[in-house]
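Novice: For reference, the structure I am asking about is given below.
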Amino acid sequence: MLAAKTLVKVPQNLSFLSSDSKSLKFRNSKSPNLAYPSSPKSIRQKPIAATLSVANSVQQHGNSATPGQLRVDILSESLPFIQKFRGKTIVVKYGGAAMKSESLQASVVNDLVLLSCVGLRPVLVHGGGPEINLWLKRLNIEVNFHDGLRVTDDKTMEIVSMVLAGKVNKNLVSLINQAGVKAIGLCGTDGRVVTARPAANAAKLGFVGEVARVDPTILWSIVNDGHIPVIASVAADEFGQQYNINADTVAGELAAALGAEKLILLTDVAGILEDRNDPSSLVKEVDIRKVKKMMEEGKIGGGMIPKVNCCVRSLAQGVRTASIIDGRVPHSLLLEILTDEGAGTMITG
């Protein structure tokens with residue numbers, strides 16, 4: 001049965017909560033679950049907790065433990081997490097290094113399909129900056145950025161729309177279909193899922209937009225049918241003018257409009273670091289107040305600032321948790337959702 005139509009107007013500004021400091025909270029790791037490498041140097045290492053699970057299985061079954069028994073033992077540890085998230089909506093923003101690598105792309109697609117098969121309701125939002133740059137270069141269109149955002153004139157906007165809503169979107173849909181779950185490709189313009197407005201500095205950026213409103217009606221019909229919506233971060237304003245919108249922003253506002261249990265941003269770093277120069281200082285879990293304090297202290301900077309702001313906005317609008325995870329780690333989505341350890345930083349309200 002379709003949910004009642006919901007039209008969400010997105011405010012231009014949502015302030016952080018008060019800056020009262022709370023100590024960092026780290027996730028419970030009482031039981032051995034699949035862990036993740038804490039720094040890029042250890043990405044290829046075998047997860048420690050997976051080794052523990054294998055060792056426990058061997059101890060239980062003796063040397064006669066079969067690969068099937070090992071798989072079952074590890075899978076059984078995921079049951080509490082599957083029960084926790086079954087029937088819940090999970091919004092995933094996908095892009096960056098995980099999109100450029102074919103092996104990591106396959107990992108993300110397989111993770112989404114597995115989560116769907118065990119009862120979660122994933123929604124995928126994607127960008128495609130490297131692919132856009134490739135096609136702009138092929139067509140001899142100059143690539144310009146201002147304050148980290150792509151300057152988007154008429155010609156550039158045309159290519160952005162073609163690449164994101166056409167090539168990248170349909171490729172992801174095809175991969176998910178091949179992996180065993182039906183996916184449906186959309187952009188923000190379809191069904192007016194997202195209505196855009198010009199960015200505040202549109203005079204310099206051109207057709208770079210912000211999210212003005214979200215109408216998730218068509219998305220409800222898709223997820224209720226057991227399909228995965230795949231949404232490109234392109235949308236039109238009230239007059240039909242298309243805009244290029246940051247994919248993190250689109251994912252965050254969609255997560256809020258859908259009442260998602262979790263927002264996950266796949267990125268090119270391990271997560272939020274206590275010391276920006278120390279990859280081993282990953283903060284596993286932190287609340288909004290502590291995040292604001294870290295930003296004020298300069299511990300969070302550069303490209304991480306808009307991602308953290310996106311997470312905070314979604315939490316302020318009702319999303320339960322938001323995570324920034326390392327998309328360079330194979331199966332990072334499963335590590336984040338089906339283990340205690342996670343695959344990056346989880347921000348809570």
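The values are calculated or read from the model by the stated rules, or taken from the named source; none is laboratory data. Because the structure is predicted, anything quoted here is derived from the model rather than measured. Using ideal geometry, Cβ is built from the backbone for each residue, glycine included, and neighbour counts are taken over all protein chains shown. Remember, those area values only see protein heavy atoms, side chains included, never the ligands or the DNA or RNA. Shrake-Rupley method; radii C 1.70, N 1.55, O 1.52, S 1.80 Å.
Novice: Check the range 141-152 and report whether any residue there is touching a Gly at 6+ places or on another chain (Cβ under 8 Å), surrounded by fewer than 23 Cβ atoms within 10 Å (Cβ to Cβ), part of a loop (DSSP other than H, G, I, E, B) and not charged (D, E, K, R). First the steps, then the outcome.
Specialist: Taking the range 141-152 as the starting set, the residues that turn out to be touching a Gly at 6+ places or on another chain (Cβ under 8 Å) are 148, 150-152.
Subsequent filtering for residues that are surrounded by fewer than 23 Cβ atoms within 10 Å (Cβ to Cβ) retains 148, 150-151.
Narrowing the set further to residues that are part of a loop (DSSP other than H, G, I, E, B) leaves 148, 151.
With not charged (D, E, K, R) added as a condition, the list becomes 148, 151.
Yes: one or more hits.
Novice: Here's a follow-up. Run Ser174 past the list (1) outside any helix (DSSP H, G or I); (2) at pLDDT 95 or above; (3) of a type outside the set (Val, Ile, Thr) and report the number of the one that doesn't hold.
Specialist: (1) is the only condition that Ser174 fails.
Novice: Here are some residues: Glu253, Glu341. Which one is open to solvent by less than 50 Å² (accessible area, probe 1.4 Å), closer than 25 Å to Leu115 by Cβ, in a loop (DSSP other than H, G, I, E, B) and of a type in the set (Asp, Glu)? Before the answer, list the steps.
Specialist: On the way: Glu253 fails: in a loop (DSSP other than H, G, I, E, B).
One residue alone meets the criteria, Glu341.
Novice: Okay, moving on. Would you be able to say whether some residue in the range 117-133 is assigned to a helix (DSSP H, G or I) and at positive phi?
Specialist: Filtering the range 117-133 for residues assigned to a helix (DSSP H, G or I) gives 117, 129-133.
Filter once more, keeping what is at positive phi: none.
No, every residue in the range 117-133 fails to be assigned to a helix (DSSP H, G or I) and at positive phi.
Novice: Another question, then. Can you pull out the residues in the range 292-306 that are open to solvent by 40 Å² or more (accessible area, probe 1.4 Å) and either in a helix (DSSP H, G or I) or within 11 Å of Arg276 (Cα to Cα) (or both)?
Specialist: Kept after step one, since they are open to solvent by 40 Å² or more (accessible area, probe 1.4 Å), are these residues of the range 292-306: 292-293, 295-297, 299, 302-303, 305-306.
Residues satisfying the conditions are Lys292, Lys293, Met295, Glu296, Lys299, Gly302, Ile305, Pro306.
Novice: Just one of (1) under 19 Å from the mean Cα position of the chain (by Cα); (2) open to solvent by 10 Å² or more (accessible area, probe 1.4 Å) trips up Ile245, so point out which.
Specialist: (2)
Novice: Go through the range 278-291 residue by residue and tally those that are open to solvent by 50 Å² or more (accessible area, probe 1.4 Å) and in contact (Cβ under 8 Å) with a residue 24 or more places away in the chain. Lay out the reasoning, then the answer.
Specialist: We begin by selecting, within the range 278-291, every residue open to solvent by 50 Å² or more (accessible area, probe 1.4 Å); these are 278-280, 289.
In the following step, the residues that additionally are in contact (Cβ under 8 Å) with a residue 24 or more places away in the chain were identified as 279-280, 289.
Number satisfying all stated conditions: 3.
Novice: Conditions first: (1) farther than 20 Å from Ala256 by Cβ; (2) of a type outside the set (Val, Ile, Thr); (3) modelled with pLDDT of 95 or more. Lys155 passes all but one, so which condition is the exception?
Specialist: (3)
Novice: Being surrounded by fewer than 18 Cβ atoms within 10 Å (Cβ to Cβ) and either of a type in the set (Val, Ile, Thr) or closer than 29 Å to Gly226 by Cβ (or both) is the filter here; which residues of the range 160-176 pass it?
Specialist: Going residue by residue through the range 160-176, those that are surrounded by fewer than 18 Cβ atoms within 10 Å (Cβ to Cβ) are 162, 166-167, 170-171, 174.
Listed by number, the residues that qualify are Gly166, Lys167, Lys170, Asn171, Ser174.
Novice: Against the definition (open to solvent by 10 Å² or more (accessible area, probe 1.4 Å), in contact with a strand residue (DSSP E or B) (Cβ under 9 Å, 6 or more places away or on another chain) and at pLDDT below 95), how does Gly180 come out, yes or no? Reasoning before the result, please.
Specialist: On the way: open to solvent by 10 Å² or more (accessible area, probe 1.4 Å): yes; in contact with a strand residue (DSSP E or B) (Cβ under 9 Å, 6 or more places away or on another chain): no; at pLDDT below 95: yes.
The answer is no for Gly180.
Novice: Return the total of residues in the range 245-277 being free of Cβ contacts under 8 Å to residues at least 60 places away in the same chain and of a type in the set (Asp, Glu). Spell out how you get there, then give the answer.
Specialist: We begin by selecting, within the range 245-277, every residue free of Cβ contacts under 8 Å to residues at least 60 places away in the same chain; these are 245, 269, 273, 275-277.
Still in the list and also of a type in the set (Asp, Glu): 275.
Total meeting the criteria: 1.
Novice: Taking the stated definitions as given, is Ser332 among the hydroxyl-bearing types (Ser, Thr, Tyr), in contact with a helix residue (DSSP H, G or I) (Cβ under 6 Å, 6 or more places away or on another chain) and under 15 Å from Ala270 (Cβ atoms)? Reasoning before the result, please.
Specialist: Values: among the hydroxyl-bearing types (Ser, Thr, Tyr): yes; in contact with a helix residue (DSSP H, G or I) (Cβ under 6 Å, 6 or more places away or on another chain): no; under 15 Å from Ala270 (Cβ atoms): yes.
So Ser332 does not fit the description; no.
Novice: While we're looking at this one, here's another question. For residues in the range 66-100 being without any contact (Cβ under 8 Å) to a residue 40 or more places away in the chain and of a type in the set (S, T, N, Q), which is most open to solvent (accessible area, probe 1.4 Å)?
Specialist: Only one residue tops the list, namely Gln83.
Novice: Another question, if that's okay. For the range 81-106, which residues satisfy the criterion of being under 16 Å from Ala270 (Cα atoms) and either assigned to a strand (DSSP E or B) or among the small types (Gly, Ala, Ser) (or both)?
Specialist: Answer for the range 81-106, where residues must be under 16 Å from Ala270 (Cα atoms) and either assigned to a strand (DSSP E or B) or among the small types (Gly, Ala, Ser) (or both): Lys93, Tyr94, Gly95, Gly96, Ala97, Ala98.
Novice: To continue, here is another question. Among residues belonging to the range 193-240 that are assigned to a loop (DSSP other than H, G, I, E, B), touching a residue at least 60 places away in the same chain (Cβ under 8 Å) and not hydrophobic (A, V, I, L, M, F, W, C), point out the one that is surrounded by the most Cβ atoms within 10 Å (Cβ to Cβ).
Specialist: Residue satisfying both the conditions and the ranking: Ser233.
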